[in-house]
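The values are calculated or read from the model by the stated rules, or taken from the named source; none is laboratory data. As the structure is a prediction and not an experimental result, all values here were calculated from the model. Cβ sites come from the backbone with ideal geometry, for glycine too, and all protein chains shown count toward neighbours.
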Amino acid sequence: MRRPVRKPRRSAYSGSRINPKHFSAGQIKFYLLLLPLAAFMVIPVIMIVNRAFMSLGELHAFPPRILASRFTLDNFRALFQMSSTTGVPMSRYLFNSVVVTALTVLMNLLISVSSAYVLSKKRFRLREKLFSINQLALMFVPTAVAVPRYIIIVNSGMLNTIWAHVLPLVAMPVVLFLIKQFTDQIPDALIEAAVIDGAGDLAIIRRIIIPLTRPALATAAVLSFQQVWGTVEASNNFITDDSLRTLAFYLNAISTNNAVSAAGMTAAASLILFLPNLLIFIIMQSKVMNTMSHSGIK
Amino acid sequence: MTEKRTPPRYRVSARARRDRLMSGLLLLPYALPFTMFILVPVVVAALLSFTFFDVINRPVFTGFLNYITVFTQDTVFMKNVLPNTFLYALVVGPGGYALSFLVAWMLTQLQRLPRTILALCIYTPSMLGSVFIGVVWRAIFSGDQSGFVNYLLLELGLTDQPIQFLLTRDYFMLIMIIVSLWSAMGIGFLAMISGILNVNEELYEAAYVDGLRNRFQEIIYITIPSMKPQMLFGAVMAIVNAFNMGWIGVTLAGANPTPEYAGQLITNHIDDYGFIRYEMGYAAALSVILLLVVYLFNRLAYRFFGEKEEAAA
């Protein structure tokens, strides 16, 4: 006797709930958790942004205010007019920061993309070893070697030069790592075809690797920019000449030295430091998300 | 012993030789600064840690003295720095990591538009930088009545005197941890969102047919195993972050050391000895200890999320 064909039992599965297209009641509990969290994350930011535009009276008002009632640019004006004790104008610090950041990010991307290409597409004996050394360096903590770095900077004559800002940051393990993971996904056939057409390594990097790893390069640029733009390590440790220090250092110094008297100025200063980060991230947002899905450590 | 794979002795063609030379040249621009500012400093730190070095005179070899001093003489290190570092690193590292995953997972349960907006809100603090973070949180926890928290506490009648949050030890560590978690939802967090979004949907379907019952099981048996690479990346970033955030206490307090060493982490201790007291040999020993601790934490992360050959390495 044959058993009747049993209909498959309906499973509990009711369609994926990941990345849904429509609102459903089941989401309410997530909103209840996520909205307060998001508020906790952004309210301090909103607060400082507003304080940057508050008048002096309002800054010290009691009860403390979160939102500015009248926007004024006084804080920014004061910040630009005040020059440090050594008489270095703020524009000089800004100039230094822009030069250092642009140079570092650019070099960082270029050298990483060329190394990523070699590590990903060339076959040679040390390949795996080299990449795993870089992977090990992901966990590198710069503060831990501030001392030896200082010694190296002094002995190589880089003290008080722009290279003291740039070179220690130019090799970023995480950037090479991201770009290499992404380069791995470019089919070898594409490279082979280019070789047959007579393209050299530089041409391959320029015409194939760079265009196809754009999302990774964008993410790397964001990461690298954030690190370089905000860092004070070089200005603190490797530079003694005030006119060679960066904006981040200057604004940091203002905000720690006169925390109370210059509340408005420090808020304005931190806004100036933050805005470029936000802008770059917003511009690159979709590319960043695209990279992250390929960026795991396999 | 590593096994050497000697290729059969063909005549290496000029082309192959040129290719190898070119590969070397392309690697060099990265390899040089990497060696100079990451590899060599680590080696130098290891060497200096066995010396007494005050920057002015030549280093004097002292054997294991620095390490012995760290663990037997340095009461600040044993009583404050070490417990602080472990507490801080455990909460901010694994704690922040678990939090990023949970938040990332909840975000993926929403539609695209609200998800993007909320994710941006949550990601924002991680790109603020130290100046901004110091300014914000010093204003919030300011010790007089104009500090936001003190104002709220006074209004609600929970205290009758403003609390010196950042000048005394009572709340210092707690505030440091809150601030660090606040700014820890960075690139690892974004990686997790994309990782969860990319899990193949059929896997869930198949698993439910096989008897998966609820979303908790879904996360444990499907989501996490299929996004191990992103989980590992997030873990590495979280650990590094936890040990790199030492400046936070100094920024909040406005000075190194932090009040009564309440927020003194090993990185601050290194700075203190290296750049304030100029006892570079001792600072180097502390650095070596720090690098070893970070390395151990990372091995643990690889154990959990790495692929097999990685875990064995």
Odd one out for A:Asn108, checked against (1) surrounded by fewer than 21 Cβ atoms within 10 Å (Cβ to Cβ); (2) assigned to a helix (DSSP H, G or I); (3) more than 8 Å from chain B (Cβ to nearest Cβ): (1)
The listed residue being under 30 Å from A:Leu79 (Cβ atoms), of a type in the set (A, V, I, L, M, F, W, C) and under 17 Å from the mean Cα position of the chain (by Cα), out of A:Ala234, A:Ala221, A:Ala164: A:Ala221
Tell me yes or no: at least one residue of the range A:224-242 is of a type in the set (S, T, N, Q), in a helix (DSSP H, G or I) and more than 10 Å from every other protein chain (Cβ to nearest Cβ). yes
I'd like the residue in the range B:77-129 that is of a type in the set (S, T, N, Q) and assigned to a helix (DSSP H, G or I) and, out of all such residues, is nearest to A:Leu275 (Cα to Cα). B:Thr124
For residues that are surrounded by fewer than 21 Cβ atoms within 10 Å (Cβ to Cβ) and more than 9 Å from chain A (Cβ to nearest Cβ), tally how many sit in the range B:242-260. 4
Could you tell me which residue of the range B:137-191 is surrounded by the most Cβ atoms within 10 Å (Cβ to Cβ), considering only residues that are of a type in the set (Ser, Thr, Tyr) and more than 11 Å from chain A (Cβ to nearest Cβ)? B:Ser180
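Listed here are the residues, each with its yes/no results for (1) under 19 Å from A:Glu233 (Cα atoms); (2) in contact with a Pro (Cβ under 8 Å, 6 or more places away or on another chain).
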{"position": "A:Ser132", "(1), (2)": "no, no"}
{"position": "A:Ala137", "(1), (2)": "yes, yes"}
{"position": "A:Phe140", "(1), (2)": "yes, yes"}
{"position": "A:Thr161", "(1), (2)": "yes, no"}
{"position": "A:Leu169", "(1), (2)": "yes, no"}
Of the residues that make up the range B:274-296, is at least one in contact (Cβ under 8 Å) with a residue 40 or more places away in the chain, more than 7 Å from every other protein chain (Cβ to nearest Cβ) and not in a helix (DSSP H, G or I)? yes
Top-ranked residue of the range B:216-261 - restricted to ones that are part of a helix (DSSP H, G or I) and of a type in the set (Gly, Ala, Ser), ranked as nearest to B:Phe141 (Cα to Cα): B:Ala253
Can you pull out the residues in the range B:20-38 that are surrounded by fewer than 16 Cβ atoms within 10 Å (Cβ to Cβ) and of a type outside the set (Val, Ile, Thr)? B:Arg20, B:Leu21, B:Met22, B:Gly24, B:Leu25, B:Leu28, B:Leu32
Just one of (1) surrounded by fewer than 22 Cβ atoms within 10 Å (Cβ to Cβ); (2) at pLDDT below 85; (3) of a type in the set (Val, Ile, Thr) trips up B:Ile239, so point out which. (1)
Going by the structure shown, is A:Ala137 modelled with pLDDT of 90 or more, within 12 Å of another protein chain (Cβ to nearest Cβ) and either in contact with a helix residue (DSSP H, G or I) (Cβ under 6 Å, 6 or more places away or on another chain) or closer than 16 Å to B:Met237 by Cα (or both)? no
State whether the residues of the range B:304-312 include one that is touching a residue at least 24 places away in the same chain (Cβ under 8 Å), surrounded by 17 or more Cβ atoms within 10 Å (Cβ to Cβ) and at the interface with another protein chain (Cβ under 10 Å from one of its Cβ atoms). yes
Within the range B:113-136, the residues that are facing chain A (nearest Cβ under 7 Å) and farther than 18 Å from A:Val49 by Cβ are B:Leu118
Hey, could you check the range A:167-177 for residues that are β-branched (Val, Ile, Thr) and facing chain B (nearest Cβ under 9 Å) and say which is surrounded by the fewest Cβ atoms within 10 Å (Cβ to Cβ)? A:Val174
Matching residues, the range A:122-157, being in a helix (DSSP H, G or I) and surrounded by fewer than 17 Cβ atoms within 10 Å (Cβ to Cβ): A:Arg127, A:Glu128, A:Lys129, A:Ser132, A:Ile133, A:Leu136, A:Val154, A:Asn155
